[in-house]
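Since the structure comes first, as structure tokens, the remarks are kept for the end.
The values are calculated or read from the model by the stated rules, or taken from the named source; none is laboratory data. Worth saying up front: this structure is predicted, and the values here are computed from it rather than measured. Because the Cβ atoms are built from the backbone with ideal geometry, glycine has one as well, and the counts that use them run over all protein chains shown. Note: areas computed on protein heavy atoms with side chains; ligands, DNA, RNA excluded. Shrake-Rupley method; radii C 1.70, N 1.55, O 1.52, S 1.80 Å.
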Amino acid sequence: MRTALVLSGGGARGLAHLGVLIALENAGIKPDLIIGCSFGALIGGMYAQHPETAYLRQRLEALLESKEFDKLGLEHPRKRQATSDEHLYQFFRNVKEWFLLNLLIKRTSILKAERLANVINLLIDDQDIKDCQIPFACNATDLVCGSPFLFTEGAMRTAIRASTTIPGYFPPVEHEDKLLVDGAVTFNLPIRFARALGADFVIAVDVHPVLHREDDMRNVLDIILRANTITANTLSDETAVGAQILICPPVREYYWYEFDRVEEIIRAGEYAANYSLEELKRQQKATKRRGAFRRLLRFNR
């Protein structure tokens, strides 16, 4: 039986993935395949290369104290008490000056690609996806074709940078004939890819946010970004039904930029995974029995 661990996007809420991994590791459960989206791709990629949660925690703590992390500019939304979780929505809702809007409309992104690349390079080893200790894949979204794209080979750093590229905040990643951005644009919880890669049993971890009420949309940009937020949340809810075990850490009220709350978010992930362990083990046994029964039927034909 091949067990896949699917990790959703969610910015700082994705730190809960580390807590889930800690609980699974303590229970002796090791995935045969990891598939991640956005921040889930970053955490999943680190674990696929170095399957030790103590190592992940050490690297993440070092990152949060680094100048590379500071250069991401996450103090901007934190200072302004945003009320919506959608990345660009939080930014633009608090910056209404026409001068800045006119400036941004002439650019493909707010920040340069190097800032995200420098962060990823601190966490992800420079190696091919196929050289990971645990098989790994991550999804992005192709702006050219408007379709999802799954990385199953090639440079780990390039794949994870594409999967974590917030559209508009960072420029698209050029790969082959594609322009790639955050996988959450199409599949924030990429369970379908786990099935396509042969998973028999799927453990999915979903950290997408609460959809807050918003009745103050003053311009076309507000309306477009609000529509994108609704779409992303709806897709996450609908795709979650494809997993045998769905772990939802209690972090939906956290904002995507709240990396200063790292310890409580990690604990929330560990708590949620521990709560699901009994059902997880029961479902694994049932899946193994069904698999053995199907093999017996094929043998007797």
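Answer yes or no as to whether Asp182 is open to solvent by 50 Å² or more (accessible area, probe 1.4 Å) and among the acidic types (Asp, Glu). No, not satisfied. Within the stretch 215-236, identify whether any single residue is surrounded by fewer than 20 Cβ atoms within 10 Å (Cβ to Cβ), part of a helix (DSSP H, G or I), modelled with pLDDT of 75 or more and of a type in the set (Gly, Ala, Ser), and answer yes or no. Checked against the condition, which is being surrounded by fewer than 20 Cβ atoms within 10 Å (Cβ to Cβ), part of a helix (DSSP H, G or I), modelled with pLDDT of 75 or more and of a type in the set (Gly, Ala, Ser), the stretch 215-236 yields no hits at all.
Is there a residue in the stretch 48-66 that is assigned to a loop (DSSP other than H, G, I, E, B) and of a type in the set (A, V, I, L, M)? Scanning the stretch 48-66, I find no residue that is assigned to a loop (DSSP other than H, G, I, E, B) and of a type in the set (A, V, I, L, M), so the answer is no.
Annotation note: Cβ proximity below 7 Å between a residue of the stretch 26-55 that is at positive phi and a residue that is β-branched (Val, Ile, Thr) (sequence gap 6+ or interchain) occurs for Ser38/Thr164. Scanning the stretch 4-29 for residues that are among the β-branched types (Val, Ile, Thr) and either open to solvent by less than 10 Å² (accessible area, probe 1.4 Å) or at pLDDT below 95 (or both) returns Val6, Val20. Residues of the stretch 187-214 that are open to solvent by 20 Å² or more (accessible area, probe 1.4 Å), at pLDDT 90 or above and either part of a loop (DSSP other than H, G, I, E, B) or not aromatic (Phe, Trp, Tyr) (or both): Phe187, Arg192, Arg195, Ala196, Leu197, Gly198, Asp200. Residues of the stretch 240-261 that are within 19 Å of Ile191 (Cβ to Cβ), open to solvent by less than 50 Å² (accessible area, probe 1.4 Å), of a type in the set (A, V, I, L, M, F, W, C) and part of a helix (DSSP H, G or I): Ala240 alone. Can you report the number of residues in the stretch 112-161 which are within 18 Å of the chain's Cα centre (by Cα), farther than 23 Å from Ile191 by Cα and among the small types (Gly, Ala, Ser)? Counting residues in the stretch 112-161 that are within 18 Å of the chain's Cα centre (by Cα), farther than 23 Å from Ile191 by Cα and among the small types (Gly, Ala, Ser) gives 1.
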